[in-house]
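> Let me begin by handing over the structure; questions about it come next.
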Amino acid sequence: MRNILQDLKILADKKYQKFTSGLLPGVNYILGVRVPKIRAYAKTFSFEEAQNFCKNHKVKYFEEYFLKAVLLARICKEISPEKSVRLIQQFIPKISNWSVCDAFCADLKIIKKYQEIFLPLVLKNLKSNQEFAQRTALNLARAYYLQGPYFKQILKAILALKPSKYYAQMAQAWFICEAYIKQKNLTKPALKYLTPEVYIMTVRKIKDSYRVK
């Protein structure tokens with residue numbers, strides 16, 4: 001049995017710990033392991049070890065949560081999409097920072113292949129009152145639903161969301177910006193339904209994008 005926390009502590013860098021703490025306000029337990037090292041460490045896990053860690057290991061530190069996110073996404077590639085939905089939904093309430101959220105969403109590429117199966121998961125979390133559940137849903141929508149038959153449904157649900165927390169607001173602005181770039185005719189009329197805060201963020205992102213003429 002490997003001592004995962006001890007392994008992560010060996011990989012930690014005190015100077016990087018201070019840097020990471022500045023990027024993750026409100027996260028109190030940070031070892032200071034660089035993300036590429038966490039990802040490299042995750043690759044040393046067998047499928048059985050990954051399952052055991054995700055199911056049984058109690059996590060405390062940011063790096064443990066990040067490792068769990070990476071391993072969960074890997075597990076989801078190997079099991080049925082229906083089982084993946086349940087694992088993802090179980091993990092979402094435990095997400096408490098943008099770094100774990102964004103990495104987890106980026107790794108869940110299985111969703112692109114099974115849009116219909118994962119659609120209820122996205123829609124459910126768009127209705128959550130939790131900041132990072134909202135951000136997770138918005139990230140998944142941006143990553144995997146900007147193209148395809150569910151775009152209009154996703155866009156409607158996202159416009160109904162009026163997030164009050166910064167990381168959800170920024171994720172909504174990010175989605176609308178990308179939607180504006182890829183589905184301008186459908187998205188441009190929707191800008192008026194955004195909250196003033198998200199509208200400002202969205203317009204800034206659109207203006208800053210080199211893909212918008």
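What follows is calculated from the coordinates using simple rules that are stated; it is not laboratory data. All figures in this text were calculated on a predicted structure; none of them were measured in a lab. No Cβ is skipped: glycine too gets one built from the backbone with ideal geometry, and neighbour counts run over all protein chains shown.
> Translational diffusion coefficient of the range 108-213 at 37 °C, 0.692 mPa s, Stokes-Einstein with Kirkwood Rh over Cα pairs, in µm²/s as a whole number.
Here the translational diffusion coefficient equals 242 µm²/s.
> Mind checking the dipole of the chain: about its Cα centre, +1 per Lys or Arg Cβ, -1 per Asp or Glu Cβ, Debye to the nearest 20?
For the chain, the charge dipole is close to 520 debye.
> To make sure I understand the rule: partners must be lysines, Cα under 17 Å from the Cα of LYS77, and not fewer than 8 residues away in the same chain. Which ones qualify?
Answer for LYS77, where 17 Å is the Cα cut-off: LYS43, LYS55, LYS68, LYS109, LYS112, LYS113, listed by chain and number.
> Now, a different point. Rounded to two decimal places and with Rh computed the Kirkwood way over Cα pairs, what is Rg over Rh for the range 69-137? Can you show the working numbers first?
Numbers: Rg = 10.9 Å, Rh = 11.9 Å.
Ratio of gyration radius to Kirkwood radius: 0.92.
> Then there's this: Please identify, among ARG86, ARG74, ARG135, the residue showing maximal mean-square fluctuation in a Gaussian network model of the chain using a 10 angstrom Cα cutoff.
In this elastic network of the chain, the residue with the biggest mean-square fluctuation among ARG86, ARG74, ARG135 is ARG86.
> Would you mind calculating the gained length between THR195 and SER21 on full extension (0.36 nm times residue separation, minus the Cα-Cα distance), in nm to one decimal?
Additional length available on full extension: 59.6 nm.
> Right, here's the next one. Averaging over all projection directions, find the projected area of the Cα convex hull of the range 1-78 and quote it in nm² with one decimal place.
Working: hull surface 20.6 nm².
Computing the convex hull of the Cα atoms and averaging its projections yields 5.2 nm².
> Kindly point out which whole DSSP H helices in the chain project their C-alpha atoms 30 angstrom or further along the helix axis while averaging a Kyte-Doolittle hydropathy of 1.6 or above.
Counting only whole DSSP H runs, no helix qualifies.
> Moving on to the next point. Show which lysines lie in cross-link reach of LYS156 when reach means a straight Cα distance below 19 angstrom and same-chain residues fewer than eight apart are skipped.
Candidates past the 8-residue exclusion: LYS124, LYS127, LYS182, LYS184, LYS188, LYS192.
> Here is a follow-up. Any chance you could check the Cα centroid distance between the range 164-186 and the range 109-125 for me, in angstrom?
Between the Cα centres of the range 164-186 and the range 109-125 lies a distance of 18 Å.
> Candidates (1) 32, 20, 14; (2) 33, 18, 18; (3) 38, 22, 15; which is the computed semi-axes √(5λ) of the Cα gyration tensor in Å?
(1)
> A further question on this structure: Hey, got the dipole for the range 56-128? About the Cα centre, +1 on K and R Cβ, -1 on D and E Cβ, debye to the nearest 20? Walk me through the numbers on the way to the answer.
Details: 13 positive and 7 negative charges, 31 e Å.
With Lys and Arg at +1 and Asp and Glu at -1, about 140 debye.
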